[in-house]
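Student: Handing you a structure now.
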Amino acid sequence: MSRGTASLVEPVAERPGIPQRNPTTQRHQPRSWNVPSRADTLPRMEDPAVPDSALPFDQLCELLNCSFPAIRQARRDAVQTTDRIRASLADVRMSPDVALIAFGSLARREWTSGSDVDWTLLVDGPSDPEHFTLTREIEQRLCDAEFPGVGSSGTFGSMASSFELIHFIGGSEDSNQKMTRRVLLLLESVCFSDTVVHERVLRGILKRYIQTDPAVATENTPQFKVPLFLLNDVVRLWRTIAVDYATKKWQQGGAKWALRNIKLRMSRKLLFVKGLLMCFSCKLQAPQAAQENDTLVLDSLVSHCLDYTGKTAIDALAEILLSTNDHQLAVKLLKAYDEFLSSISDPEKRKHLNNLDFSAAATDPLFQDVRQISYDFRDGLGELFFDHPLLRPLTREFGLF
């Protein structure tokens, strides 16, 4: 597989009135993140009226004068797949206390030829046996529409209670499954039915994390701070994903290990990046006018994080890259991610990685190539979090200890 820039990073056609920029321009002084009012924030990704040009990824592509075709194709395919799913479920009757939520590559707008539909029926109301019947109907409809089934872990393809997601954070009643559902709701979820239920549960989870966090809820000096309670669970999810990868490799005798390995290095890592940026943005994007009253600060912080949940991980990354003015770093990160999506979108390459024996990895050209892609991505993220003047102090203060 060739990794040349020309094949995967295509120049954007010149447009009248738009100055063409050199993607290798050296970094300039960073600008602060601008904080829009709630009415001006990015619409949630499930809104079909949102033009791509309004999203940070597309703004960054225009700035760099580059197009990353695999990322763009994955975004287009995610929208088309979303439309297909909605069509297949159009006449399914859902009660007003439930919402059908999808996670994974569909929610991230990174749909590829081998993607699954990871879904959960989110219940925000009294228990009803009809909820179970509804999950089986949804499962059958998706199967009839020839969408791949969910995994066997039980995290997806079933019901999730808002009560458990909001109240069972930490402690003996909080399982890996509950934590995974809860944090994925914040970092990568898209709603196929009642968006009111989706947003209400998101807000409830965020209030639980933020308004009970003593590091944030202080009456002496009300101000936006990094929500440590939420940050700890973001880190916990990332570490759990890494441990689960090792566990599955052990339990399944190495089956599909290579594909899981590259996803861990790329898409799973990018999800963690979004979580870090969400928490850090609470400090960097603080509305100054809201810092006179403790209640206003907490409510504003919850609303700020709620807005952030509507961004895809790639848009969250693009947004901070826009603030760096480091075009070389932006190209490095987006090019690596584009090559990753290009690789797993290719059915033959995906099949090869699925079937690759661990003992053959050291001499396998494809695996060595995608591993190098992951190194480029890792190194670029290191530059971003440890060299960016705004992120460096936050990474140093909250990244490890």
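Student: Set the bar at 21 Å for Cα to Cα. Now go through Lys274/Lys332; Lys225/Lys332; Lys207/Lys269 and name every pair that lies beyond it.
Tutor: Lys225/Lys332; Lys207/Lys269
Student: Moving to a separate point now. Compute the distribution of all C-alpha to C-alpha distances in the stretch 259-401, in bins of 10 Å from 0, and list the percent of pairs in each, rounded to whole numbers.
Tutor: With 10 Å bins starting at 0, P(r) equals 10, 34, 29, 17, 6, 2, 0.
Student: Asp364 to Ser303: extension gain in nm, 0.36 nm per residue of separation minus the Cα-Cα distance?
Tutor: Separation in residues times 0.36 nm, less the Cα-Cα distance, equals 17.2 nm.
Student: With a Förster radius of 22 Å, plug the Cβ-Cβ distance of Phe401 and Asp379 into 1/(1 + (r/R0)^6) and report the FRET value to the nearest 0.05.
Tutor: Taking R0 as 22 Å, the efficiency between Phe401 and Asp379 is 0.45.
Student: Of the cross-linked pairs Lys178/Lys349; Lys311/Lys349; Lys248/Lys351, which ones have a Cα-Cα span greater than 23 Å in the structure shown?
Tutor: Checking Cα-Cα distances, Lys178/Lys349; Lys311/Lys349 exceed 23 Å.
Student: Starting from the Cα-Cα distance between Arg93 and Asp128, subtract it from 0.36 nm times their residue separation and give me the gain in nm to one decimal.
Tutor: On the way: separation 35, 0.36 × 35 = 12.60 nm, distance 1.45 nm.
Here the segment from Arg93 to Asp128 would lengthen by 11.2 nm.
Student: Next question. On average, how much accessible surface per residue is there in the stretch 253-389, in Å², for a 1.4 Å probe, leaving out ligands, DNA and RNA?
Tutor: Each residue of the stretch 253-389 exposes 34 Å² on average to a 1.4 Å probe.
Student: Each label point is 7 Å from the Cα along the Cα-to-Cβ direction; what then is the distance between the points at Phe163 and Gln328, in nm?
Tutor: Using points 7 Å along Cα→Cβ, the separation is 5.8 nm.
Student: Regarding the stretch 83-180, what's the average projected area of the Cα-atom convex hull, expressed in nm²?
Tutor: The Cα convex hull of the stretch 83-180, projected and averaged over all directions, gives 6.9 nm².
Student: While we're here: When only alpha-carbon atoms are used, what values of Rg and Dmax, in angstrom, describe the stretch 320-382?
Tutor: 13.9, 43
Student: Okay, moving on. By per-residue mean of other Cβ atoms within 10 Å, what is the highest-first order of 394-400, 110-116?
Tutor: 110-116, 394-400
Student: Something else about it: Loop-only trypsin sites (Lys or Arg not before Pro) in the stretch 84-143, please: DSSP not H, G, I, E or B, and at most 15 other Cβ atoms within 10 Å.
Tutor: Values: sites: Arg84, Arg86, Arg93, Arg108, Arg109, Arg136, Arg141; in loops: Arg93, Arg108, Arg109.
Loop-located and lightly packed - Arg93.
Student: If the chain between Arg141 and Thr295 were fully stretched, how many nm would it gain, using 0.36 nm times the residue separation less the Cα-Cα distance?
Tutor: Full extension of this stretch gives 50.9 nm more.
Student: How many percent of the accessible area of the stretch 288-372 is carbon or sulfur, using a 1.4 Å probe?
Tutor: Roughly 51 percent of what the probe reaches on the stretch 288-372 is carbon or sulfur.
Student: How large is Rg/Rh for the stretch 347-401, to two decimals, with Cα atoms and a Kirkwood Rh?
Tutor: Taking Rh as the inverse mean 1/r over Cα pairs, Rg/Rh reads 1.23.
The values are calculated or read from the model by the stated rules, or taken from the named source; none is laboratory data. Here the structure is a predicted model, which is why all the values come from computation and not from measurement. Don't worry about glycine lacking a Cβ; one is built from the backbone with ideal geometry, like all the others, and counts go over all protein chains shown. Surface areas here come from the heavy atoms of the whole protein model, side chains and all, with no ligands, DNA or RNA. Shrake-Rupley method; radii C 1.70, N 1.55, O 1.52, S 1.80 Å.
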